[in-house]
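Single-structure report; data block below.
The values are calculated or read from the model by the stated rules, or taken from the named source; none is laboratory data. Note that the structure is a prediction, hence the values are computed from the model and not measured. Note that each Cβ is placed from the backbone with ideal geometry, even for glycine, and that neighbours are counted across all protein chains shown.
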């Protein structure tokens, strides 16, 4: 089973969801999942290992995590441990410029995170309290639901993005010691060679381990088999290229390792419910 596609309750006029100040255990966390919306996570208390794209790092109080839309991610908690976080999810369309310019300033927080693989940041306690206050105001406006609440929520979300962009510092790297170096190297290798044929024997040889050990340890570390991870990464890359480039659909399929167009169309439709051309048109 591959990553879960998280769906959101879109009953509010503004496409967003706020899960504020919630304490979770390993039983409450979704396994590997992805969604089209952007997400900002603020850690209030506790620790956990976080996996996103092909990166692992340790989260602790004060950390801010930037999750660009369409990124495979999950929190990994040990039995008996909890972490308290706030998570703001929202549709990227909310970040469109309101002043009629071509400025991409509000999107830059997420595009930079994705291109540099810098997803984890740190915010000082006082500033974190201010951001939590903005989340409180968003929750209050959602409950009001009057003529002005939609506009107010949209403005508060945009202000929260500006505040995070201005006030987050790069966190000191704290990589998870539980993940072998060869697993991390294998993830990076897969990411850089999605256009190629990647089978178990070749990946195991690159990591200098036995294929059966590679398969077992990969699943234990990532939570997905290498095949599930590879399929998901190829699909994520295809969606990104459809959104951000003018490449032909065939060129995109080949760049993502799909060497049969019928197979690419079947796989894409099964995962998204639409064709590559329709996905590009609606993005």
- Do we find that residue 63 is in the same structural domain as residue 138 (by TED's automatic domain parsing), buried (at least 20 other Cβ atoms within 10 Å of the Cβ), more than 15 Å from the chain's Cα centre (by Cα) and closer than 23 Å to residue 116 by Cβ in this structure? yes
- Would you point out which residue out of 238, 251, 207, 270 is more than 28 Å from residue 78 (Cα to Cα) and surrounded by 14 or more Cβ atoms within 10 Å (Cβ to Cβ)? 238
- Message: Taking the condition of being in a helix (DSSP H, G or I) and either without any contact (Cβ under 8 Å) to a residue 24 or more places away in the chain or surrounded by fewer than 20 Cβ atoms within 10 Å (Cβ to Cβ) (or both), how many residues in segment 119-130 meet it?
- Response: 5
- Among the listed residues 93, 86, 105, 71, which satisfies the condition of being exposed (fewer than 15 other Cβ atoms within 10 Å of the Cβ), touching a helix residue (DSSP H, G or I) at 6+ places or on another chain (Cβ under 9 Å) and in the same structural domain as residue 39 (by TED's automatic domain parsing)? 105
- Note on the structure: Note on segment 22-55: residues assigned to a strand (DSSP E or B) and exposed (fewer than 15 other Cβ atoms within 10 Å of the Cβ) are 22, 23, 45
